[in-house]
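Inspection log for the structure reproduced underneath, given as structure tokens.
Read-outs: derived from the displayed coordinates by stated rules, not from any lab. Just so it is clear, the structure is predicted and the values come from calculations on it, not from any experiment. Note: ideal-geometry Cβ built from the backbone for every residue, glycine included; neighbour counts use all protein chains shown.
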Amino acid sequence: MDYSIGCRMPLDEWLWLNRTGIFDDVALRKFVAAFPPVELMQNVSGLTNEQDFAAHGSDIYLAISRASPKPLTEYRNLLDFGCGCGRLARMFKGHPGRVSACDVDPRHVAWVQQSLDFVSASHTSVHPPLPYREDAFDCVVSVSVFSHLTERSQDEFLKELNRICVPGTYLFISFHGQRALERTVIEPPIREMVSVDGESLNTAQQQFQSDKHAFILQRGHLTSSKTSFWRRVIGTRASNLSVIEEPFEYGISFIPEAYVRKHWGRWFEIADYWSGAIHDFQDIVVLRARTIK
């Protein structure tokens with residue numbers, strides 16, 4: 001097996017190499033992408049172990065590969081929208097086309113720029129526009145972004161993604177649907193992980209059952225207002241504090257399938273829908289950019 005070709009290897013072999021091979025034989029590590037420092041891994045995924053982080057990225061890559069009508073390596077211009085510190089982007093090492101990525105966290109972007117030389121990474125705002133021309137991409141992947149947006153922010157970025165996609169582009173977008181809501185309600189560890197109180201969750205359930213976008217605001221590191229900014233620590237020194245200086249609301253969103261099919265259908269064709277596709281939790285919707293925008 002030629003490990004040097006990266007993700008152009010047979011899918012099963014590429015996943016094995018990333019999940020298991022490099023941890024059984026350290027000599028194989030040169031054939032996969034670098035791992036981010038622990039603080040960045042934890043910030044994105046809550047994980048602090050390289051093998052767990054590798055498994056997460058492999059699981060997501062597999063889920064998107066299954067949802068795609070063709071191998072991911074056949075797309076010529078691919079965008080990882082909301083790339084974090086490369087949990088998924090790492091898996092595109094060896095991709096024969098152009099791989100771009102963007103994120104609102106400057107720490108993430110800086111690490112990707114420095115460590116993943118096969119990815120062109122950009123720091124972006126919490127509001128459009130994105131720094132890409134019209135019709136730039138024929139594939140977009142977005143994991144755990146729309147699962148945290150308000151309806152207004154969601155609509156802004158759906159419109160913007162439509163702008164930068166060539167007609168026929170496939171988009172693979174994950175979010176919290178029926179399965180995620182069910183597990184949040186009945187499983188205490190999941191409730192703790194998403195950090196929502198009972199009253200807010202009950203309200204979200206009612207909205208969800210009415211086929212509405214259900215958003216729960218969280219006062220976390222990405223939530224800001226015109227008068228008070230929620231600071232995110234970047235590094236360990238006080239001088240490395242950064243803020244999001246635009247008003248922005250960040251939280252947990254639960255989005256019904258019926259809503260996605262109707263509302264997101266304003267911008268894209270709904271090509272496929274995979275419930276609980278990522279870790280029996282997040283759904284993946286497969287969108288296709290319309291021929292006439």
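Tabulated results
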read-out: Helix-only CD estimate at 222 nm, as mean residue ellipticity for the chain, using -39500 (n - 2.57) per DSSP H run (n ≥ 4); value: -9000 deg cm²/dmol
read-out: Kirkwood Rh in Å, taken over the chain so that all alpha-carbon pairs contribute; value: 19.7 Å
read-out: Farthest toward positive dipole pole in the chain [+1 Lys/Arg, -1 Asp/Glu at C-beta], among L201, T291, A54; value: T291
read-out: Share, in percent, of DSSP beta bridges within the chain that are antiparallel, nearest 5; value: 55 percent
read-out: Backbone HN-Hα couplings from phi across the range 150-165 [Karplus 6.51/-1.76/1.60, Hz, Gly and Pro as x]; value: 5, 4, 5, 5, 3, 5, 4, 7, 4, 4, 5, 5, 4, 5, 8, 9
read-out: Cα centroid separation, the range 1-31 to the range 139-203 (Å); value: 31 Å
read-out: Fewest-first sequence of W267, W16 by Cβ atoms within 10 Å of each Cβ; value: W16, W267
read-out: Dipole axis of the chain (+1 Lys, Arg; -1 Asp, Glu on Cβ), positive-most option in L17, G6, L79; value: L79
read-out: Unit charges at the beta carbon, dipole of the chain: most positive-side option, L40, V143, V112; value: V112
read-out: Estimated dipole of the chain in Debye, rounded to 20 [Cβ of Lys and Arg +1, of Asp and Glu -1, Cα centre]; value: 620 debye
